[in-house]
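Worksheet: the structure to be examined is printed underneath.
The values are calculated or read from the model by the stated rules, or taken from the named source; none is laboratory data. These numbers were taken from a predicted model, which means no experiment stands behind them. Here the Cβ positions follow ideal geometry from the backbone for every residue, glycine too, while neighbour counts run over all protein chains shown.
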Amino acid sequence: MKEAIYSTPSLKEARKRSKNKVETINAELIIPDRLSLFANGKKYFIRTYGCQANVVDSENIAGILEKIGFIKCDDPFTSDIVILNTCAVRENAEEKVFGEIGSLKRLKSLNENAIIALCGCMIQEPHIVEKIREKYHQTDLLFGTHNINRLPLLLDEVIFAHHRVIEVLSKEGEIIENLPVVRESNFKAFVNIMYGCDKFCTYCIVPYTRGKQRSRKIEDILKEVKELKEKNYQEVTLLGQNVNAYGKDLNDNLTFAVLLEEVAKLNIPRIRFTTSHPWDFQDEMFRVISQYKNIMPYIHLPLQSGSNAILKKMGRRYTKESYMDLVTRLKKIIPNVSLSTDIIVGFPNETEEDFLDTLEVAKFCEYDSAFTFIYSPRVGTPAALMQDDVTRSEKNKRFNRLVETLEISISKKAKEYVGKTVDVLVDGFSKKGKDMLSGYTEGNKLVNFQGNASLIGKIIPVKIIDSHTYSLIGEVSDEYKY
Ligand code: SAH
Ligand code: SF4
Ligand code: F3S
């Protein structure tokens with residue numbers, strides 16, 4: 001098949017970290033006239049896999065496509081351009097994407113001019129790009145996480161030169177400001193405060209797919225949040241792979257606590273942030289979180305493992321004891337704090353004792369929610385080269401034991417809500433049925449309740465009348481008139 005390969009990813013390049021200053025560049029999109037004429041009302045569909053970093057990238061991609069002249073569509077099979085924004089964090093995430101690429105063959109039979117584009121973290125992996133080139137001929141464009149701003153020119157070439165185009169850069173990356181954006185919600189927004197990651201946890205592919213840790217300038221972040229406030233956004237989530245390290249690469253004494261306080265002063269009703277790496281958690285954060293009512297008392301604090309030996313092999317740089325101490329202090333200083341976590345079971349050579357340590361920490365912390373994963377080897381990471389004597393069936397058993405343990409505290413925490421009236425930001429109609437709405441409490445617990453569409457996008461008091469493990473049932477408080 002005819003293709004133009006401008007660059008393909010390299011893990012060796014992706015691993016490099018220099019002391020070079022990160023550049024902030026202004027996205028100046030070049031949109032060829034013939035591309036706009038071509039797009040004129042044609043439809044696009046984007047499917048987003050993975051984390052919120054990808055959600056924001058997809059919002060920028062949507063912004064670019066709409067600027068060119070494409071219109072959003074909810075059905076891939078009636079779209080003229082389909083983009084899959086992929087995630088590489090675990091094998092099952094990648095399998096889902098390959099399944100979807102397969103099913104998109106049908107799109108080509110319905111409309112031979114339809115364009116299938118792939119981007120995101122998987123495309124930053126050399127072996128994945130090779131596999132797609134060899135086996136998935138229905139794909140027309142592959143680009144990566146560093147060159148979203150190049151989309152108009154790449155698309156132009158696919159459309160007018162009629163061949164496949166591949167451009168994936170493996171580099172530390174810069175900060176690109178002012179990309180157009182079409183957000184998924186008009187009352188909840190994600191705001192990147194930093195890109196990339198320098199932690200290189202030994203199991204994790206993210207530092208390779210996203211580049212070096214680079215903090216956005218505080219003035220650019222505050223400007224974006226101010227604009228959201230002016231548009232009446234109710235909630236902003238500050239995003240980074242490790243928000244507690246914000247500013248470390250800027251050399252001007254800026255810390256995440258300083259940024260968070262400045263954002264809180266802008267008076268957006270709800271501020272969240274994710275992810276907090278336990279290693280960088282600063283004491284000043286306790287004061288800022290407890291002082292501002294609009295900073296939600298909810299912290300996502302990935303544990304990954306409760307065993308010191310495994311934490312060391314993972315390169316996490318904290319211990320079971322220091323993690324438990326941090327949780328104790330968090331609960332003491334922010335009494336209504338909700339905690340969630342990520343835990344990996346079955347890291348190479350995890351012993352029963354290691355696993356029991358994880359169960360012990362899980363019980364101790366009494367999480368409000370948790371994301372649990374079975375370790376998945378990622379090509380190019382140090383852990384993927386480690387010998388592993390733990391069988392798949394043992395990993396599955398541990399996974400189930402962990403979920404059982406976590407659910408005890410998750411259910412208990414959910415029950416504590418019953419009888420209380422809590423503020424809920426209403427997201428939209430619930431999957432539970434007609435006239436049912438859903439939204440999240442300040443502590444990020446899902447609530448389903450009866451109500452009408454006029455409540456969507458508002459923060460309202462809801463009385464909790466019952467609880468399940470992963471959600472609450474409520475009714476709009478009598479005090480609230482609508
Ligand atoms: N920056 C965040 C996490 C990003 S990835 C942090 O440091 O916490 C989200 C979660 O995926 C991780 O917290 C981890 O629990 C899980 N994860 C990452 N790599 C994985 C792998 N190779 N196998 C299984 N789970 C993994
Ligand atoms: Fe991955 Fe670790 Fe970075 Fe999180 S901190 S993205 S787990 S390398
Ligand atoms: Fe996945 Fe990339 Fe996020 S690997 S979890 S989409 S940073």
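Structure above, values below:
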item: Every pair of residues 6+ apart whose Cβ atoms lie under 9 Å, when the first sits in the range 153-165 and is part of a helix (DSSP H, G or I) while the second is of a type in the set (S, T, N, Q); result: Leu154/Asn147; Ile159/Asn113
item: Residue check, Asp354 within 16 Å of ligand 2 (Cβ to nearest atom), in contact (Cβ under 8 Å) with a residue 40 or more places away in the chain and charged (D, E, K, R); result: no
item: Matching option when the condition is surrounded by fewer than 21 Cβ atoms within 10 Å (Cβ to Cβ) and more than 16 Å from ligand 2 (Cβ to nearest atom), among Lys212, Lys231; result: Lys231
item: Residue ranges of strands (runs of 3 or more DSSP E) in the range 379-472 with at least 2 members within 22 Å of the chain's Cα centre (by Cα); result: 421-429, 436-441, 446-450
item: One residue from Val288, Val243 being in contact with a helix residue (DSSP H, G or I) (Cβ under 7 Å, 6 or more places away or on another chain), within 16 Å of ligand 3 (Cβ to nearest atom) and among the β-branched types (Val, Ile, Thr); result: Val243
item: Filter pass, Asn267 being more than 16 Å from ligand 3 (Cβ to nearest atom) and touching a helix residue (DSSP H, G or I) at 6+ places or on another chain (Cβ under 8 Å); result: yes
item: Spans of strands (runs of 3 or more DSSP E) in the range 1-99 with at least 2 residues within 30 Å of Val379 (Cβ to Cβ); result: 3-7, 43-48, 81-86
item: Where a residue in the range 267-286 is over 30 Å from Lys458 (Cβ atoms) and its partner, wherever it lies, is among the hydroxyl-bearing types (Ser, Thr, Tyr), with Cβ under 6 Å and at least six apart; result: Pro278/Tyr318; Pro278/Tyr323; Trp279/Tyr318
item: Odd one out for Thr421 among (1) in contact (Cβ under 8 Å) with a residue 24 or more places away in the chain; (2) within 16 Å of ligand 1 (Cβ to nearest atom); (3) among the polar types (S, T, N, Q); result: (2)
item: Considering residues of the range 296-322 that are in contact (Cβ under 8 Å) with a residue 60 or more places away in the chain and in a helix (DSSP H, G or I) only, the residue farthest from the chain's Cα centre (by Cα); result: Lys313
item: Which numbered condition Asp427 misses (of (1) loosely packed, with under 14 Cβ neighbours inside 10 Å; (2) modelled with pLDDT of 95 or more; (3) of a type in the set (Asp, Glu)); result: (1)
item: Subset of the range 68-102 that is surrounded by 15 or more Cβ atoms within 10 Å (Cβ to Cβ) and in contact (Cβ under 8 Å) with a residue 60 or more places away in the chain - its residue that is farthest from ligand 3 (Cβ to nearest atom); result: Ile68
item: Output for the range 368-382, where each listed residue is crowded, with 21+ Cβ neighbours inside 10 Å and either away from ligand 3 (no atom under 16 Å from the Cβ) or modelled with pLDDT under 95 (or both); result: Asp368, Ser369, Ala370
item: Scope the range 100-122; condition in a loop (DSSP other than H, G, I, E, B) and either closer than 14 Å to Tyr49 by Cα or aliphatic (A, V, I, L, M) (or both); matching residues; result: Leu104, Ala114
item: Enumeration of residues in the range 188-230 that are more than 16 Å from ligand 1 (Cβ to nearest atom), free of Cβ contacts under 8 Å to residues at least 40 places away in the same chain and within 22 Å of Ile148 (Cβ to Cβ); result: Lys223, Glu224, Glu227
